[in-house]
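Colleague: One structure, pasted below without further comment.
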């Protein structure tokens, strides 16, 4: 009986779909989180919030 | 009397009271009561999300499916439900953007589609769909847990129902904060209980590898009188289903669940967009651990009991494992985990039903404004009334309730998927589209489901997929037939800063509660 990690290979077909569905959302979610950071909007949870400079224009804080 | 069980119940009850009290103390305003003040951190929100996600239906139903059909349950059900989670970050990314986010999903319908009206009918329609769906689903959850508690403890079914009602009432009375904190505790109970259960069953089947090796050769019938399982077929990704049927099952399980109002509400309670996105992502990993334990219970159960005793269905596998293969202490903890799973799902649904009634319908349609405190008090009274109603219905559920429960998430999907996703991602989506999408989606789902159930229509394409396609199609047509949505409707979800005109419209709607007469 062919198996991987103790589970017969036939069972891995179903498990791979499940694992794919778990991994899949990380792709676009990480992209969204990056967009939030780039936006600099503090209330969205950006790690690099914008700050006002003397002229009242908004600029990004230098990344830590 | 089973003193071990009594002891575990008392400890569980005391800890639940402690978390309820903490939640109650955090609830100072209507925002706290309805949506946790949009302030929950990642840790609490994950607990809130995961406990709601894992219901008694999953804890008892997943091992039952694995026992009967093997890994086909992973393809159609595990993957389908997890795909619903995969869609939630897409909702979260837009839904939590506004500076002053909505409190409920029906309120989102109002602000996004008819921000200028004094009394929103789309908010009422969305609320009615929510109320009907949740009342039916909660009734079935209460019935399920009543049967389990009475079987495992020896209490009568009726007493078990009312014991469960007391627990629901304790946890909901403080609103979303008390549910969130008790859910955090319940997540711990569920995860610990199920890991313990799997760890206890694995040695009895010879360990992980031996369990699957033995399952490969199972060729008995799962239940007395059922056709025997073909050796090796427990690992087939399709089982006895055709490919099209399996695709249908996958989408039926995923699309509806992704927009059931209690999920977006968990995204709303997060303190910011980042937390809202990370909540379903990280919760999925925790829930996956739980599902691996359920996999052990289902497949391990089949190895230990190749055929269920006469008169028992596969859904009795977990109670059977508890009574026959676990010592009283472990069994009691696993029972607490099942109870926690049922409680954390049912209490959230009862609260959303009551809030839909008071906040989205009564406050919305009242001529005079309602004071925040009065609204909270009315919601608390209704929580009691609705909990009691669901419990009374669960005493002897009418036939239509049991039948309709299967279709609740499909109804949510058909009614809400178009208005939510199009509303958040397509500026043009207008009021007419929202009415058409919600009403046409819900009605076509009911009609298609009835026709396929009566075998008057082939079920090659599932009713939910058809209904959603029609709903989205009607929304696109209406969005082009009628003028595009005004800026005040879409701006909060698309722009970083909103214009003063939009701000004044949002303030007007939201302050109907804040600055009460």
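The values are calculated or read from the model by the stated rules, or taken from the named source; none is laboratory data. Predicted model, so just to flag it, every value in this text is computed and none were measured. Glycine gets a Cβ as well: all are built from the backbone with ideal geometry, and neighbour counts include every protein chain shown.
Colleague: It is to be established whether one or more residues within region B:462-479 are on the phi < 0 side of the Ramachandran plot and in a loop (DSSP other than H, G, I, E, B).
Modeller: yes
Colleague: How about region B:321-338: which of its residues are assigned to a loop (DSSP other than H, G, I, E, B) and either within 25 Å of the chain's Cα centre (by Cα) or surrounded by 19 or more Cβ atoms within 10 Å (Cβ to Cβ) (or both)?
Modeller: Initial filter on region B:321-338 (assigned to a loop (DSSP other than H, G, I, E, B)): B:326-327.
Of everything in region B:321-338, just one residue is assigned to a loop (DSSP other than H, G, I, E, B) and either within 25 Å of the chain's Cα centre (by Cα) or surrounded by 19 or more Cβ atoms within 10 Å (Cβ to Cβ) (or both), namely B:326.
Colleague: Let me ask something else about it. Go over the candidates B:112, B:97 one by one and state the one that is touching a residue at least 12 places away in the same chain (Cβ under 8 Å), more than 8 Å from chain A (Cβ to nearest Cβ) and more than 21 Å from residue B:464 (Cα to Cα). Can you show your working first?
Modeller: Values: B:97 fails: more than 8 Å from chain A (Cβ to nearest Cβ).
Among B:112, B:97, only B:112 is touching a residue at least 12 places away in the same chain (Cβ under 8 Å), more than 8 Å from chain A (Cβ to nearest Cβ) and more than 21 Å from residue B:464 (Cα to Cα).
Colleague: Has region B:270-290 got at least one residue that is within 12 Å of another protein chain (Cβ to nearest Cβ), in contact with a helix residue (DSSP H, G or I) (Cβ under 8 Å, 6 or more places away or on another chain), farther than 26 Å from residue B:92 by Cβ and part of a helix (DSSP H, G or I)? Lay out the reasoning, then the answer.
Modeller: First, the residues of region B:270-290 that are within 12 Å of another protein chain (Cβ to nearest Cβ): B:270-289.
Subset that is in contact with a helix residue (DSSP H, G or I) (Cβ under 8 Å, 6 or more places away or on another chain): B:270-289.
If we keep only those that are farther than 26 Å from residue B:92 by Cβ too, we end up with none.
Checked region B:270-290: no residue is within 12 Å of another protein chain (Cβ to nearest Cβ), in contact with a helix residue (DSSP H, G or I) (Cβ under 8 Å, 6 or more places away or on another chain), farther than 26 Å from residue B:92 by Cβ and part of a helix (DSSP H, G or I).
Colleague: Tell me the residue from B:264, B:237 that is at pLDDT below 95, within 26 Å of the chain's Cα centre (by Cα) and within 11 Å of chain A (Cβ to nearest Cβ), please.
Modeller: Details: B:264 fails: within 11 Å of chain A (Cβ to nearest Cβ).
Residue meeting the stated conditions: B:237.
Colleague: Another question about this same structure. Being facing chain B (nearest Cβ under 9 Å), surrounded by 16 or more Cβ atoms within 10 Å (Cβ to Cβ), more than 24 Å from residue B:280 (Cα to Cα) and modelled with pLDDT of 90 or more narrows it down to one of A:8, A:25, so name that one. Please lay out each step first, then the result.
Modeller: Values: A:25 fails: more than 24 Å from residue B:280 (Cα to Cα).
Unique residue meeting the criteria: A:8.
Colleague: If you don't mind, there's one more thing I want to ask. With the condition kept exactly as written, say whether any residue in region B:270-293 is touching a strand residue (DSSP E or B) at 6+ places or on another chain (Cβ under 7 Å), over 25 Å from residue A:20 (Cα atoms) and touching a residue at least 24 places away in the same chain (Cβ under 8 Å).
Modeller: Yes, there is a match, as at least one residue in region B:270-293 is touching a strand residue (DSSP E or B) at 6+ places or on another chain (Cβ under 7 Å), over 25 Å from residue A:20 (Cα atoms) and touching a residue at least 24 places away in the same chain (Cβ under 8 Å).
Colleague: Looking only at region A:43-57, which residues are farther than 15 Å from residue B:276 by Cβ and either more than 10 Å from chain B (Cβ to nearest Cβ) or modelled with pLDDT of 80 or more (or both)? Steps first, answer last, please.
Modeller: So in region A:43-57, the residues farther than 15 Å from residue B:276 by Cβ come out as A:47-57.
Answer for region A:43-57, where residues must be farther than 15 Å from residue B:276 by Cβ and either more than 10 Å from chain B (Cβ to nearest Cβ) or modelled with pLDDT of 80 or more (or both): A:47, A:48, A:49, A:51, A:52, A:53, A:54, A:55, A:56, A:57.
Colleague: Still on this structure: If you go through region B:25-48 one residue at a time, do you hit one that is more than 21 Å from the chain's Cα centre (by Cα), modelled with pLDDT under 90 and under 24 Å from residue B:164 (Cα atoms)?
Modeller: Yes, some residue in region B:25-48 is more than 21 Å from the chain's Cα centre (by Cα), modelled with pLDDT under 90 and under 24 Å from residue B:164 (Cα atoms).
Colleague: I need the full set of residues from region B:398-428 which are touching a residue at least 60 places away in the same chain (Cβ under 8 Å) and either out of contact with any helix residue (DSSP H, G or I) (no Cβ under 6 Å at 6 or more places or on another chain) or not in a helix (DSSP H, G or I) (or both), in order please. Give the steps one after another, and end with the answer.
Modeller: At the first step, the residues of region B:398-428 found to be touching a residue at least 60 places away in the same chain (Cβ under 8 Å) are B:401-402, B:404-405, B:408-417, B:419-421, B:423-425, B:427.
Selection gives B:402, B:421, B:425, B:427.
Colleague: Got at least one residue in region B:446-465 being surrounded by 19 or more Cβ atoms within 10 Å (Cβ to Cβ) and at pLDDT 95 or above?
Modeller: No: region B:446-465 contains no residue that is surrounded by 19 or more Cβ atoms within 10 Å (Cβ to Cβ) and at pLDDT 95 or above.
Colleague: Could you run through region B:183-207 and say how many residues are over 29 Å from the mean Cα position of the chain (by Cα) and in contact (Cβ under 8 Å) with a residue 40 or more places away in the chain?
Modeller: Matching residues across region B:183-207 total 3.
Colleague: Out of all the residues in region B:364-397, which are farther than 24 Å from residue B:136 by Cα and either outside any helix (DSSP H, G or I) or in contact with a strand residue (DSSP E or B) (Cβ under 8 Å, 6 or more places away or on another chain) (or both)?
Modeller: B:366, B:367, B:368, B:369, B:370, B:371
Colleague: From the list B:318, B:303, pick out the single residue that is within 30 Å of residue B:208 (Cβ to Cβ), more than 14 Å from chain A (Cβ to nearest Cβ) and not in a loop (DSSP other than H, G, I, E, B). Give the steps one after another, and end with the answer.
Modeller: Details: B:303 fails: more than 14 Å from chain A (Cβ to nearest Cβ).
Residue meeting the stated conditions: B:318.
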